[in-house]
1. I'd like the full set of residues that are farther than 22 Å from B:Gly144 by Cα, surrounded by 19 or more Cβ atoms within 10 Å (Cβ to Cβ) and of a type in the set (Ser, Thr, Tyr), limited to region B:160-202.
2. Examine region A:210-221 for a residue that is within 16 Å of the chain's Cα centre (by Cα) and either modelled with pLDDT under 85 or surrounded by fewer than 23 Cβ atoms within 10 Å (Cβ to Cβ) (or both), and state whether such a residue exists.
3. I'm trying to understand the selection: among the residues of region A:92-115, which are surrounded by fewer than 19 Cβ atoms within 10 Å (Cβ to Cβ) and within 20 Å of the chain's Cα centre (by Cα)?
4. Which of the residues that make up region A:28-61 are surrounded by fewer than 21 Cβ atoms within 10 Å (Cβ to Cβ) and at pLDDT below 75?
5. Is it the case, given these coordinates, that B:Gly129 is in a helix (DSSP H, G or I) and within 14 Å of another protein chain (Cβ to nearest Cβ)?
6. Determine whether region A:188-210 contains at least one residue that is in a loop (DSSP other than H, G, I, E, B) and more than 13 Å from A:Gly131 (Cα to Cα).
7. Within region B:150-181, take every residue that is touching a Leu at 6+ places or on another chain (Cβ under 7 Å) and within 14 Å of chain A (Cβ to nearest Cβ) and give me the one that is nearest to B:Leu83 (Cα to Cα).
8. Does any residue in region A:235-260 that is at positive phi come within less than 8 Å, Cβ to Cβ, of a residue that is assigned to a loop (DSSP other than H, G, I, E, B) and surrounded by 24 or more Cβ atoms within 10 Å (Cβ to Cβ) six or more places away or on a different chain, and which pairs are these?
Amino acid sequence: MNTEQSKKSSGLVAFLNATDHKEIGRFFISGSALVLFASIVGALVSVYEASNLNKLNVVEDTDQYIQLWSISREALLFGGLIPFLVGLAVYLVPLQTGVSNLAFPRGLAASFWTWLLGLIIFVCAYLMNGGPAGGREDFILLWILSLAMMISGLIWAMINVITTLLVSRAQGMSLDKVPFTSWSFLVFCFFGILILPILIAELAISYLQVKYGQIPVSDSQSLLAIVTPLLRAPFVFWIGIPVLGIGADIIGVHTERPVKRVRPFMMLIGFVGLLSAAGGFGFFNSQRTLENEWFVFVSSTLIFLSILFAIALPIASLIKGKRTLNPAMLGILSSGILLLVAADISILDLFASVNDSVDINPLTLNTFDPEQINGSVLSIEGAVNYGAAFILVIGSVMLTLLASAHHWSTKLWGRQLSRSLSFISVVAALVGSLTWALANIMSSLSSTPSEVAGATFDNSSEIFGDLAVAGCLLLAGSAILFLANLASMSSMKIVGSKPTAWEGLTLEWATASPPVKGNFATKPVVKSAVPLTEDVFVADLVELESAESMPALNSGSEV
Amino acid sequence: MTDVTPFKPIGSVAAKRPVTKNMLLIAVSLASASVFVGYMSLVGIYLSNRADMLALGETWLPDGVKIPLTQPNFMAVSMVFSLITAWWAYASTKNDDRSNSLIAHSLTLLFGFGFVAQTFYLLSLMNMGAADSSQSVFIYSLIGVHLILCVLGIVNIVLTTVRTIVGDFSSENYDAVLGSAIFWTLIVTLYSVLWYTVYITK
């Protein structure tokens, strides 16, 4: 073996043996970013096929269409958005709480590999005609197992994050002094480990039903219903929890005015988590009826109010603090608004849906003929606009991820993402998700549910279909730009940044960019929720400011 | 990860070692909560389907299937005894009493293996094919998932026993034994749900 080969193998060995939270966090983020892009492309094709039947001809029949739609939304959730958030949590939580690694480094590695292996099997299962509406029993079973594997990996990573936050914080950092981002990840992960096992239970039952012929292969479309509850209010807002915490941190840093009412804000984040989980439990695995609708209505309304107040608190910083416009700020502000609109739509949707029963496709429009798909296949009783709310939540989380990547890019990769590319990417994601959601809303407003259920599609819905395709294209474009931004950055030299870049106030800014092994030379001691304003840190920062070898970031102060 | 940064990290105040005790305990508790929710979801799905069938005026258990009570009751007794011995093992470890800890672990394993054997015997008595009816799938899912958890618990106790033999645990280091006892408590709790939902209520 020559030197180059040995270098390569040592790199591969290092990759396989990685247990550092920063490495695993990057793996999660990179992998899920790719899957996110692929799933948006899948959704784009799915939307195009639904609104322009027989024009693109990527899919040959209804079963293939359902498979395409199904893989898009499952990959979006369990391969893209949730793992990206988990990756961010894995990367940021130890840095923000002043510890050297997550509680169980090997467990963390195991969770990543379980997720990745599950993801690979998941894709293979679909390629071999498995999944909902699949034609081969073995690969339908494999799809169920792979989904359970991915979810299990994510649950284990979440347990690791929670344990770290509960047990291994820096000295002096009580729970109410934990940065908002870490707090929101704590809430997100806590309710994640309570929500996701329900899906595993459903998968376990479905596995046996398929295995022992209770769900024949010809009726495998009914398996679509397993994931559907996670896409609907109030469950869907669980995915949006980190938006609030990350938003407060980013706004606090860029306006140089941290959110003042720390405990109420934390309580509001916890409240959103509690309501999204509790409201969801109320109607999980049951039909929407008048009897249980009030429960969903109350929880959705309270979620809306919680998000409204949670957004109002950082807005005060925005009004009184420094006016700054950069991709991180634009992204995070847009994401908050989208989340609020999504919550609003989910309430309005309930008013419209109580007495209606309609077949809905949450990622595409309501234009697919339910008769073609065997009636019960997409029989999700109730909501008219929940597809729009889901799309807005997706958009909100995507914008948060873009904003986070820009804000923490020096921490994540030691290099600064291109400002212009980040801007375009954020704008594309914002316009794309709004357009896509608007198409769904307009489509449902323009035709009554009964018309939708009975008709194939009409001219008006074709227009909305084109609108949805345009929105989807913009989202895909945003994802491409983000990946291009990452790729262009990889050719740059690691420059690092001042620890004080962005004038950050939490502990991740008290170490190098990218962080050194072990994160901190000595274990930090903090006294407040904004440790970098404390005397001991200020003294160190002043010393560091004079270091000539540290180029400052220049994009944090534009007005 | 890179070490190329030319400047030292700040935060140079000497700190005490962060408190890491209870780490395993919290992780096991969270994992147990997660498993509990998952299993209760299975129970919820089971009860929902059972209620639907009863509402149609039909019986839940398929024709020809009978669930005797003797075995489930003995299994319940085994579980209760194993719960006592699991916590006995923890208390002994905490008191640096390794011989008692080993006896307690061995008894827990004995009860655990006995439980698994009785479950298989019960399934053979029930004479219910998994593919025979939709009800059997639900019943097997509850029993099967519990059995898998029970086997995992036994494997965990075997590992804990081996570590006890080689002297890994002491009054200073007993988190793994405590974690093992918590997980076993979860298994016993879930059996009590299974016992009432499937074997008693039928």
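The values are calculated or read from the model by the stated rules, or taken from the named source; none is laboratory data. Note that the coordinates shown come from a computational prediction; the quantities given were computed from them, not determined experimentally. We place every Cβ from the backbone using ideal geometry, glycine too, and count neighbours over all the protein chains shown.
1. B:Thr160, B:Thr161, B:Thr164, B:Tyr174, listed by residue number.
2. Initially, region A:210-221 is screened for residues within 16 Å of the chain's Cα centre (by Cα), giving none.
Within region A:210-221 (the criterion being within 16 Å of the chain's Cα centre (by Cα) and either modelled with pLDDT under 85 or surrounded by fewer than 23 Cβ atoms within 10 Å (Cβ to Cβ) (or both)), the answer is no, since none of the residues qualifies.
3. A:Trp113, the sole residue that qualifies.
4. Once the filter is applied, which keeps residues that are surrounded by fewer than 21 Cβ atoms within 10 Å (Cβ to Cβ) and at pLDDT below 75, region A:28-61 yields A:Asn52, A:Leu53, A:Asn54, A:Lys55, A:Leu56, A:Asn57, A:Val58, A:Val59, A:Glu60, A:Asp61.
5. Numbers: in a helix (DSSP H, G or I): no; within 14 Å of another protein chain (Cβ to nearest Cβ): yes.
When the stated conditions are applied, B:Gly129 does not pass them.
6. In the first step, residues of region A:188-210 are kept if they are in a loop (DSSP other than H, G, I, E, B); the result is none.
Checking region A:188-210: not a single residue is in a loop (DSSP other than H, G, I, E, B) and more than 13 Å from A:Gly131 (Cα to Cα).
7. Here the answer is B:Gly179.
8. So the pair list comes out empty.
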